[in-house]
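The values are calculated or read from the model by the stated rules, or taken from the named source; none is laboratory data. On a predicted model such as this, the values are computed, not experimentally measured, just so you know. Every residue, glycine as well, gets a Cβ built from its backbone with ideal geometry; the counts of neighbours run over all protein chains shown.
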Amino acid sequence: MMTADVVVIGAGVIGASIAFRLAEQGRSVVLVEQNGPGSGASGSCDKAIFLQSKRPGIHMELALASRRMYDSLEAELDADLELKNDGGMVVIETPEHLEFMRDFVERQQEAGISVSLLDRDAARERQPCLAQHVLGASYSPDDAEVNPLALNTALYRAAARCGAVVRTHCEVTAINVVSGRVISADTTRGRISTDLVVNAAGPFAARVGELAGVCVPVQPRRGTILISEAVEPLVNGSMLCAQYIAAKHLAAVEAGSTPPYGVGLSLGQTDSGNLLIGGSREFTGFNKPQGPEIMAAIARHAARIVPLLAQLRIIRSMTGFRPYTGDGLPIIDRAPEVDGYIIAAGHEGDGIALAPITGVLVRDLLDDKASPDPFLGALSINRFAGSVHS
């Protein structure tokens, strides 16, 4: 039977970041992944690190702190993450969205984000591909891009260099608890003796919680992204639309309710020239197959904003599940029911943006510092106590 200080469940960017930071401390870590690293949400997402899309307050402060870590992360991981600091835009199509975004930008500016509202001409000067009907856009130079798969690979390889054992295609089948304490984890490749388990299973966090009798309020939210053929540079930085912001935060804009399938534009271009065209947001449980109507809705919406997209071939699509908590923030906390059980899940569409800081926060949580990181209080599972634990 193997023995470890910590078993981390889930080798996406969140689990790999945690495994790296804990192994870096000298802890013996086993990182367990049911499939392969990046096979879940981390491998079916876009490449944006958006700051201006975050709500002011703890969400914004968390994203800013994580964004600063990216500036030195490539050197720290000794890897090319394809990090680009090209800024980002949120495109505005309707008068109702314009009013919504004026208020949104004002609150972002008050929160310390470098963001401005561009008129139609200024928006098209920065993004010549935009349609004529676009009324304007918000723009922030602080937004960035990274290759999610390169990030995921670099993190788990860094964890392995620090001594972590990475077990892929290995499923955790039971978490054994005696007298309210974790004592071991059973996997399809044997038992691991440990008194500490970290649930970083993303959209599957609730299922992994059930293995130890821990209630984890995370739901899967299905999202689809279209991938185009490789083309010459078309997009400067990353692009969202105001409808995407509304769909993400479930905010009602006066123009109407959330659109069908939660469709809103997210657009970015890879180093190889492929365009990542998103996306949708739906609650379908773990029903992954999606019909052509969803892909058609994404394509129609995107081509309305960027007409040149209608001329491109879509070579494939990717569908995954984002771990949703309901308030836009992840849970990073000790489980109240079981000693030795840590939850680090619920990042929804912000896993890439928040991966660097999540590893550090879990490390700090386990260090039991006299002055814990102030972020941890806001990310406590106790904020759901009224609906989950009562």
For the stretch 126-142, state whether one or more residues are at pLDDT 95 or above and either among the β-branched types (Val, Ile, Thr) or more than 30 Å from Asp271 (Cα to Cα) (or both). yes
Hey, which of the helices (runs of 4 or more DSSP H) in the stretch 275-380, taking only ones fully inside, have at least 3 residues that are touching a residue at least 60 places away in the same chain (Cβ under 8 Å)? 292-305, 351-367
Regarding the stretch 121-137, can at least one residue be identified that is out of contact with any His (no Cβ under 7 Å at 6 or more places or on another chain), among the acidic types (Asp, Glu), surrounded by fewer than 20 Cβ atoms within 10 Å (Cβ to Cβ) and closer than 23 Å to Leu234 by Cβ? yes
Inter-residue pairs, beta-carbon under 6 Å, first closer than 20 Å to Gly349 by Cβ and in the stretch 63-75, second modelled with pLDDT under 95 and among the charged types (D, E, K, R), 6+ apart: Ala63/Lys54
Somewhere in the stretch 117-132, is a residue within 25 Å of the chain's Cα centre (by Cα), of a type in the set (A, V, I, L, M) and assigned to a helix (DSSP H, G or I)? no
Cβ pairs under 9 Å, 6+ apart or interchain, first in the stretch 147-158 and over 14 Å from Gly40 (Cβ atoms), second among the β-branched types (Val, Ile, Thr) and outside any helix (DSSP H, G or I), ordered by first then second residue, are Asn147/Thr270; Arg157/Val166
Across (1) part of a loop (DSSP other than H, G, I, E, B); (2) at pLDDT 90 or above, Ala75 clears everything bar (1)
Scanning the stretch 297-329 residue by residue, those of a type in the set (Lys, Arg) and more than 24 Å from the chain's Cα centre (by Cα) turn out to be Arg300, Arg304, Arg313
If Gln108 meets every condition in (1) buried (at least 20 other Cβ atoms within 10 Å of the Cβ); (2) farther than 15 Å from Thr153 by Cβ; (3) outside the structural domain of Ser266 (by TED's automatic domain parsing) apart from one, which number is that one? (3)
Exactly one of these conditions fails for Ser42: (1) under 13 Å from the mean Cα position of the chain (by Cα); (2) polar (S, T, N, Q); (3) assigned to a loop (DSSP other than H, G, I, E, B). Give me its number. (3)
Please pick out the residue among Val165, Val208, Val146 that is at pLDDT 95 or above and surrounded by fewer than 18 Cβ atoms within 10 Å (Cβ to Cβ). Val165
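Given the residues Asp80, Asp86, which is the only one that is within 22 Å of the chain's Cα centre (by Cα), assigned to a loop (DSSP other than H, G, I, E, B) and closer than 19 Å to Leu267 by Cα?
Matching residue, one of Asp80, Asp86: Asp86.
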With the requirement that a residue be closer than 22 Å to Arg334 by Cβ, charged (D, E, K, R) and surrounded by 15 or more Cβ atoms within 10 Å (Cβ to Cβ), what does the stretch 177-192 give you? Asp186
Against the condition at pLDDT below 95 and within 30 Å of Gly209 (Cβ to Cβ), how does Gly346 come out, does it pass? no
With respect to Ile357, determine if the residue is surrounded by 19 or more Cβ atoms within 10 Å (Cβ to Cβ), farther than 26 Å from Lys84 by Cα and at pLDDT 90 or above. no
When the stretch 45-72 is checked residue by residue, the ones that are among the small types (Gly, Ala, Ser) and in a strand (DSSP E or B) are Ala48
